[in-house]
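What follows is a set of notes on a single structure, which appears directly below.
Throughout, read-outs are computed from the coordinates displayed, never taken from laboratory work. Not measured: the values here are computed from a predicted model. When we count neighbours, we look across all protein chains shown, and the Cβ atoms used for this are built from the backbone with ideal geometry, even at glycine.
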Amino acid sequence: MPPAPLAVDVAFATEAAFEPGRFVVKFDVLPGHYLYRDRFEVLANGEAIKKIKLPPGKIKMDPNFGRVEVYEQPVSLSAATRLTVSTELTVVFQGCSALAGVCYPPARRTFVLAAGAKNVHARELVPINLKQQFMPRVSQ
Amino acid sequence: MTTPDDTVTNAPASTAKRMLLLGLGGVAACAAGAFGGHWWLTRGVVAGEEAKLLAASFEGLDGKPQPMSTWKGKTLIVNFWATWCGPCREEMPEFVKAQNDFAAKGLQFVGVAIDRRAPVEKFVKELAINYPVLLGDVAWLDALKTMGNPEAVLPFTLIFTPQGEVMLRRTGKLKYGEIAAIFA
């Protein structure tokens, strides 16, 4: 019997760093899990950022989807964009657990560029529910 | 100004933590096996929640609402899936076979796709799926958390007795042999 699926936040922990003119989001990928390279989306204040940088993934011949690129190791995504205080940066990603034999629905993480005491820092918005998280991706 | 150190993490995972998480998962799986059950399948289950599913209505591929009560009195297997989910697609040919083999004994599969209409229609046609496939709103993923799917993953399958009681909850693949055993 396969193990119980981990929470998506545990399977793919995310960490965002803002730098002048660009941002970097690091995804941890626990062993036995993977993220699809072509299913990342990034939005700044709701507008899609088309040019995102991702390293090449591992090529996998998937019986369902053919040739796909996946990340089975931690991966960083970056994009150049103008960021100002209160910019909301949203990252959408989708992955699966090979261990549990399941897939996670597209997940959404939003980070806010907010003014801190000394430095500008990212603050993650906690999603309210799955409907809010996935509606733009799944129910269009 | 910002620096690379200006980070925020939703769940920092050091190597030690990664191994601990996986280790705990392994221990849990062993414990589940040892006790002959799967404890996580009842984690977060709220009694009676499945009644909402049986009382619900989903949009059919023909655009008409299809009430689940249509199949009252059947051994009902409700499979939540999506075309973007590889494991979901892999198990469905076995469902087609099971529906063929056990329909006469009262088996009724119903697929609920958490997906858009176009890819679902294409896949249903490709696989010649021989049971009703309905479209479910993403809000159902939240609802499934209290029915034995705390992480809202796919595939997720519930098997109901003809009396409407839950016989089996499954995150991950359901095999033909398990279905056949019900009718042995």
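Only loop residues by DSSP count here, and only those with at most 15 other Cβ atoms within 10 Å; note down the trypsin sites (Lys or Arg not before Pro) in segment B:151-184 that meet that.
Hits after loop and neighbour filter: B:LYS175.
Which loop-located GluC sites (Glu not before Pro) does segment B:115-172 contain, where loop means any DSSP state but H, G, I, E or B and the Cβ has at most 15 other Cβ atoms within 10 Å?
Passing sites in segment B:115-172 are B:GLU165.
Between B:ASN100 and A:ILE49, what FRET efficiency follows from the Cβ-Cβ distance if R0 is 41 Å, with the result rounded to 0.05?
0.30
For the peptides A:15-24, B:92-101, B:63-72, what is the packing order when you average, over each peptide's residues, the other Cβ atoms within 10 Å and list the highest mean first?
Going by the mean number of other Cβ atoms within 10 Å, highest first, we get A:15-24, B:92-101, B:63-72.
For A:LYS26, list the aspartates and glutamates whose Cα falls under 15 Å from its own Cα; do not include residues on the same chain fewer than 8 positions away.
Result set, ordered by chain and number: A:ASP9, A:GLU15, A:GLU41, A:GLU72, A:GLU124, B:ASP5, B:ASP6.
So which lysines pass the test for B:LYS97, namely a Cα distance under 24 Å, with those fewer than 8 places away in the same chain ruled out?
B:LYS72, B:LYS74, B:LYS105, B:LYS122, B:LYS125, B:LYS173, B:LYS175
Distance between the C-alpha centers of segment B:96-168 and segment A:1-77? Whole Å please.
Between the Cα centres of segment B:96-168 and segment A:1-77 lies a distance of 28 Å.
Suppose we keep just the alpha-carbon trace of segment B:47-102; what are its Rg and Dmax in angstrom?
When restricted to Cα atoms, segment B:47-102 yields Rg and Dmax of 13.1, 33 Å.
Along the Cα→Cβ direction, 7 angstrom out, place labels at B:ASP62 and A:GLN73. What is the inter-label distance in nm?
For the pair B:ASP62/A:GLN73, the computed spacing is 5.3 nm.
Students often get this wrong: which residues of segment A:5-34 have the backbone nitrogen under 18 Å from the point 7 angstrom along Cα-to-C-beta of A:ALA80?
A:18-25
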